[in-house]
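Below is one structure, written out as structure tokens; the observations come after it.
Just so you know, all these numbers are worked out from the coordinates, no wet-lab data involved. Only a predicted model underlies this, so the values are computations on that prediction, with no experimental measurement involved. Note: ideal-geometry Cβ built from the backbone for every residue, glycine included; neighbour counts use all protein chains shown.
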Amino acid sequence: MSGLFDLAVAVARIAIMLIFCLTFVVVLTWAERKGAAYMQDRRGPNRAKILGLTLGGIFHPLADAIKFLFKEDFIPDHVHRLFYQMAPMFALAPALMTIAVIPFGPPVTIAGKTIPLQIADLNVGILYVFAMSGLTVYGVILAGWASNSKYPLLGGLRSSAQMISYEVSLGLSIIGVVMVFRSVKLSQIVASQGELLWGIVPQWGVVVQPLGFILFLVALYAEANRTPFDLPEGESEIVAGFHTEYGSFKFSMFMMAEYFHLVVGSLLVATLFFGGWQFPYLASSGFVLPGGFSIGLPGAVVLLLRIGALFAKVVFFAWLFIWVRWTIPRFRYDQVMRLGWKVMLPLSLLNIFATGIALLLVA
Amino acid sequence: MTEVVTYKREAGKLDMQAEPMLLNIGPSHPATHATLRLIAELDGETILKLTPEFGYLHRCFEKESESHTWTQVVTYTDRLNYVSPLMNNVGYAMAVEKLCGIDVTERCKYIRVLISEFSRIIDHMVCIGTNMVDLGALTNFWYFWKPREEVYMHLIEPLTGTRLTTGYTRIGGMAWDLPDGWEEKARGVIEHVILPAIADVNALLTKNRIFIERTMGVGPITPKDAIALGFTGPCLRAAGVPLDLRKDETYLVYDRFDFDVPVGEEGDTCDRYMVRMEEMRQSVRIILQALDQLPGGPVNVDDPRFNLPPKQEVYGSIEGLMNHFKHIMDGVQVPAGEVYSATEAANGELGYYIVSKGGGGPYKIKVRPPCFPLFQGMPRLCEGGMIADLIAVLGSVNIIAGELDR
């Protein structure tokens, strides 16, 4: 009985998290287009209708999906068929797997059992995240190589160099966080961020690791292939980069992977640097303000507030991704490399060094 | 101290025993914005050799002109630089008028200045906008597309009835006068749309570190090379040569306006952008002065050889009807001779070399498009750079295939 219960809970957690993220991806594609239109002084998508309702073009992602599904699944003659078909899966799967370790709420107690709101609370936490995000590069390289054509090859070449370079900074930039919170378990990191620093400021990652946050954010943009680091696609230079030869649902899978990276990236930033599900000054009994005031709240409300807090943070960072994309131009390939190795890497090493000294002094 | 040895590759030689990769950029590529082709020999992403190829948009402009009347050719000139068609009309009409030895009316000159400068502004806007699309900054494109649209909607469409194929000039004048209230609308568009858009894009780009890195030092050219290759217009001025036909060989009434000619230093993509941005502001200055000075009076020369007779005469008298018929069927009679007349178009010197054997149509028209020398200069600008640089340069020199291939 107990085993069945555990199984049901595990399946429910996976289902909820996946459905949430996939829905968010769909909404994000709409938000990208509508947000771009909002910034660029135009209307954006507003044609797709259901029962005469356009609702600001929210049905366009649905129309896109239907279009992609019903298009001919065309495979050009000159491609390597096996790798060509594997590439979109390799692009999407690791992104989906990354969300497994992200806690989306505090542990709850149901029927006497404590259930962590997290698909898997691995003790290697962050390392798992990097293992997975390291795999995403295979999708891009495979796509570039298997397409057997010049523009995808250049795109694959660019992205492999870029993603591998920024993997280093991405990993090093959060070592500071790990040092401060003394754990690689994401649940532990989030729990530590609920404490207050000097009794006033929430001990969020961004407060104790400001440089680490900036480095992580920049590296994340590079990892997710977003502007200003969207060279692997760089539509005006190398047509569509690694997915030039892809069409129909395979192309759609690349798109989904791209937006999934956005969601995972936003979740990671929120979890590592903005307290994850922590709501400022909200303890499990209610609000506890620094001056000694406290407002009691029922447990269910606290839980909802906390999950809502994570959601709000994710929405904000997803919007930031969109905002940046439509504001600044794209780097050049060698400039990206220079930034990665000559600026980001020394700065992240410096950050680790400074964090170490600060921790020694505090201790 | 050990000396850092940088490995310098000899031209055309690769690291490994390999062949350079041939990459076709165009004729249909997102960054060409028209049909032109660049064949790049690549080592990795570095361009070893670049071969520009043109002719994909050849429409026999010059040959077609030979079988049309002088006035009919006006509509062909729209299709040269289709981003600023009004300017081509003006350049052509001036060349033919030079051959005829007629002097157009004051009002006509001012109107030509006004439409030329508006065309220059929208041409530069399209150039910068599309260049920014290629650099991945799509928002700037839309920021510039909106004022362009406003110029079309409030000024060019009421004036000519069309957007692209304006055909507004005639030999010896204009097709018709400015519509009522055009001057106020022009002021309104400048104040409420054009200037804010320039300020917006300026704020987004000019001090943007990524933009500077992408453009500064990319595709530079020395003044000597630029002159040798025949560069004109913003690309030559960006290299530091202050040649502007509006000032140096002043035509129409440009000598009556107070405006500056911006010049760059390096001749790189950044300078070309800066020169274009400043030229738009200078064009605004010219337009405002021209609107202040705009005189009344007729727009066409008072000469029945060049003017269509008034409609009342056409319908009311046989002389008028015959005159109209001869005008339309035989065309304006232009004396025999050869003439070269150039105007400062948005991209540079737009020259018309016209040979007339007398009669109603040209014997030969040769256009000197500003894009042609720019396009032949592409290898000079891009070899040794990367593909991304090529895209940035291609956008910044503003090659319009319609004008390149004619």
Quick one: order B:Asp123, A:Asp230, B:Asp244 by neighbouring beta-carbon count within 10 Å, fewest to most. A:Asp230, B:Asp244, B:Asp123
Anyone know which of B:Asn307, B:Asn24, B:Asn347 comes out most mobile in the 10 Å Cα GNM of chain B? B:Asn24
Most mobile of A:Pro103, A:Pro290, A:Pro280 in a GNM of chain A (Cα contacts under 10 Å): A:Pro290
Where does segment B:231-319 land on Rg(C-alpha)/(2.2 N^0.38 Å)? 1.66
CD proxy, 222 nm, chain A: helix-only mean residue ellipticity via -39,500 (n - 2.57) per DSSP H run with n ≥ 4, per residue, nearest 500, stands at -20500 deg cm²/dmol
One-quarter of the Cα convex hull surface for segment A:1-121, in nm²? 12.7
Scan chain B and report its longest stretch carrying no GluC sites (Glu not before Pro) that are both in a DSSP loop and have at most 12 other Cβ atoms within 10 Å. B:11-406
Inside 10 Å of the C-beta atoms of A:321-334, what's the mean count of C-beta atoms belonging to other chains? 6
Chain B: relative contact order as a whole-number percent, Cα under 8 Å and 6+ apart: 25
In a shell of Cβ-Cβ distance under 15 Å around B:Leu23, excluding B:Leu23 itself, what net charge do Lys and Arg (+1) and Asp and Glu (-1) give? -4
Taking r as the C-beta separation of B:Ala199 and B:Glu149 and R0 as 25 Å, the FRET efficiency to the nearest 0.05 is 0.90
Can you list which of the DSSP-assigned H helices in chain A have a Cα extent of 30 Å or more along the long axis and an average Kyte-Doolittle score of at least -0.5? A:2-39, A:125-146, A:150-173, A:248-273, A:299-325
Within 10 Å of each Cβ of B:20-28, how many other protein chain Cβ atoms are there on average? 2
Would you mind ranking A:Ile99, B:Ile365, A:Ile75 so that the residue whose beta carbon has the fewest other beta carbons within 10 Å leads the list? A:Ile75, A:Ile99, B:Ile365
Could you give the length gained on full extension between A:Thr114 and A:Leu196, defined as 0.36 nm per residue of separation minus the Cα-Cα distance, in nm? 27.0 nm
At q = 0.10, 0.11, 0.20 1/Å the base-10 log of I(q)/I(0) from the Debye formula over the alpha-carbon atoms of segment A:223-363 is -0.57, -0.66, -1.21
How crowded by other chains is B:137-147, given as the mean number of beta carbons from other chains within 10 Å of each beta carbon? 4
Taking the 0 to 90 degree range and rounding to the nearest ten, how far is the long axis of helix B:387-397 tilted relative to the main principal axis of chain B, both from C-alpha atoms? 20
Helix B:85-100 versus the longest principal axis of chain B: what angle, 0 to 90°, nearest 10, using Cα atoms? 60
Spin-label model distance (nm) - A:Arg43 vs B:Glu53, 7 Å beyond Cα toward Cβ: 4.2
Over all distinct alpha-carbon pairs, what is the Kirkwood Rh of segment A:127-216 in angstrom? 15.2
Would you compute, from DSSP H runs of 4+ residues alone, the mean residue ellipticity of chain B at 222 nm, taking -39500 (n - 2.57) per run and dividing by the full residue count, rounded to the nearest 500? -13500 deg cm²/dmol
Which whole-number percent of Cα pairs in segment B:355-395 have a distance greater than 17 Å? 52
Pop a pseudo-label 7 angstrom from the Cα along the beta-carbon direction at both B:Ile227 and A:Ile307 and give the gap in nm to one decimal. 7.5
Using 0.36 nm per residue of separation minus the Cα-Cα distance, give me the extension gain between A:Trp319 and A:Glu72 in nm, one decimal. 85.6 nm
Rg/Rg_globular for segment A:73-362, with Rg_globular taken as 2.2 N^0.38 Å and Rg from C-alpha atoms: 1.09
Taking Lys and Arg as +1 and Asp and Glu as -1, residues besides A:Ala95 with C-beta under 11 Å from its C-beta add up to -2
Please work out, to two decimal places, the log10 of the ratio I(q)/I(0) at q = 0.14, 0.18 Å⁻¹ from a Debye calculation in which every Cα of segment A:101-250 carries one identical scatterer. -0.79, -1.03
Could you tell me what fraction of 2.2 N^0.38 Å the Cα radius of gyration of chain B comes to, as a two-decimal ratio? 1.06
Work from the charge dipole of segment A:73-362 (Cβ charges, +1 for Lys and Arg, -1 for Asp and Glu, about the Cα centre) and give the residue of A:Val302, A:Ala270, A:Gly156 farthest towards its positive end. A:Val302
Given all pairs of distinct Cα atoms, segment B:108-258 yields a Kirkwood Rh in Å of 17.5
Determine, from the Cβ-Cβ distance of B:Thr250 and B:Glu319 and an R0 of 41 Å, the FRET efficiency 1/(1 + (r/R0)^6), rounded to the nearest 0.05. 0.55
Along each principal axis, Cα extent of the protein assembly as shown, largest first, Å: 109, 63, 55
Would you mind estimating how fast segment B:108-159 diffuses translationally, via Stokes-Einstein at 25 °C and 0.890 mPa s with the Kirkwood radius over Cα pairs, in µm²/s? 212
If I take R0 = 25 Å and measure r between the Cβ atoms of B:Ile328 and B:Thr162 in this structure, what FRET efficiency does the formula 1/(1 + (r/R0)^6) give, to the nearest 0.05? 0.80
Quick check: the angle from helix B:269-293's long axis to the longest principal axis of chain B, C-alpha only, nearest 10 degrees? 20
Neighbouring Cβ atoms within 10 Å as the yardstick, rank B:His192, B:His29 fewest first. B:His192, B:His29
